[in-house]
Amino acid sequence: MSDYLNLREGKFPIKIDKFDIKFSDDLSLGTLKNPLIINLSIDKLSSEIFICKGIIKSSFIESCQNCLKDVEVKLIVDTNLVIKDTDILLDKNNESDESHYQNLKYFQIKKLIEEEICLNYPSIIRCEEQDCIEFKEISNEKKIQPFEKIRDLIE
Ligand SMILES: [Zn+2]
């Protein structure tokens with residue numbers, strides 16, 4: 001599948017069941033463990049409104065935020081998005097809603113997938129190992145230290 005879809009001229013529905021993606025580094029996601037499992041369908045509701053439904057399954061390797069051990073982050077995103085042209089967004093004075101905005105003539109499915117993954121990606125990554133908790137206590141002490149030093153200076 002090419003990088004761009006022209007939703008202005010395509011035949012609908014457009015089925016996407018395979019997509020090789022390399023996530024942009026600035027998204028700060030983990031390392032993708034397996035290729036994404038994708039089953040998406042883009043349908044046309046009107047000349048300006050499209051809908052994307054389906055599932056994006058992904059599995060990332062991330063470091064536990066406490067002990068830095070590798071953790072697998074499994075993400076199943078149930079996608080149900082309204083797609084509108086960026087022109088509409090500009091007209092509406094940047095009013096935000098649940099829709100996904102892109103240039104419909106040069107539609108990048110990659111952007112839609114990235115947005116869906118980022119919106120659903122957990123902000124806290126923790127392993128469930130028992131010794132993880134011990135490390136957490138140590139790191140908390142480290143965080144407190146600078147304040148103790150300041151307190152010592154004040155006293
Ligand atoms: Zn951990």
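Of note:
- Only a single item in (1) over 20 Å from Asn80 (Cα atoms); (2) at pLDDT below 95 is not met by Glu48, and it is number (1).
- For the stretch 2-23, a tally of residues being surrounded by 12 or more Cβ atoms within 10 Å (Cβ to Cβ) and in a loop (DSSP other than H, G, I, E, B) returns 9.
- Residues of the stretch 56-79 that are surrounded by 12 or more Cβ atoms within 10 Å (Cβ to Cβ) and more than 16 Å from the ligand (Cβ to nearest atom): Ile56, Lys57, Ser58, Ser59, Leu75, Val77, Thr79.
- Test result for Lys53, of a type in the set (Lys, Arg), modelled with pLDDT of 95 or more and out of contact with any Asp or Glu (no Cβ under 7 Å at 6 or more places or on another chain): yes
- Which listed residue is within 30 Å of Lys53 (Cβ to Cβ), within 16 Å of the ligand (Cβ to nearest atom), surrounded by 14 or more Cβ atoms within 10 Å (Cβ to Cβ) and modelled with pLDDT of 85 or more, from Ile113, Ile125, Ile117, Ile109: Ile125
- Only listed residue being in contact (Cβ under 8 Å) with a residue 24 or more places away in the chain, farther than 24 Å from Thr86 by Cβ and aliphatic (A, V, I, L, M), chosen from Ile42, Ile55: Ile55
- Taken over the stretch 4-18, residues that are farther than 15 Å from Leu104 by Cβ and either at pLDDT below 90 or charged (D, E, K, R) (or both) amount to 3.
- Residue within the stretch 80-93 that is touching a strand residue (DSSP E or B) at 6+ places or on another chain (Cβ under 8 Å), within 13 Å of the ligand (Cβ to nearest atom), modelled with pLDDT of 70 or more and under 29 Å from Lys22 (Cβ atoms) present: no
- Residue satisfying all of: in the stretch 35-55; farther than 14 Å from Ile113 by Cβ and not in a strand (DSSP E or B); farthest from the ligand (Cβ to nearest atom) among these: Ser47
The values are calculated or read from the model by the stated rules, or taken from the named source; none is laboratory data. Please read all numbers here as calculations on a predicted model, not as lab measurements. Cβ sites come from the backbone with ideal geometry, for glycine too, and all protein chains shown count toward neighbours.
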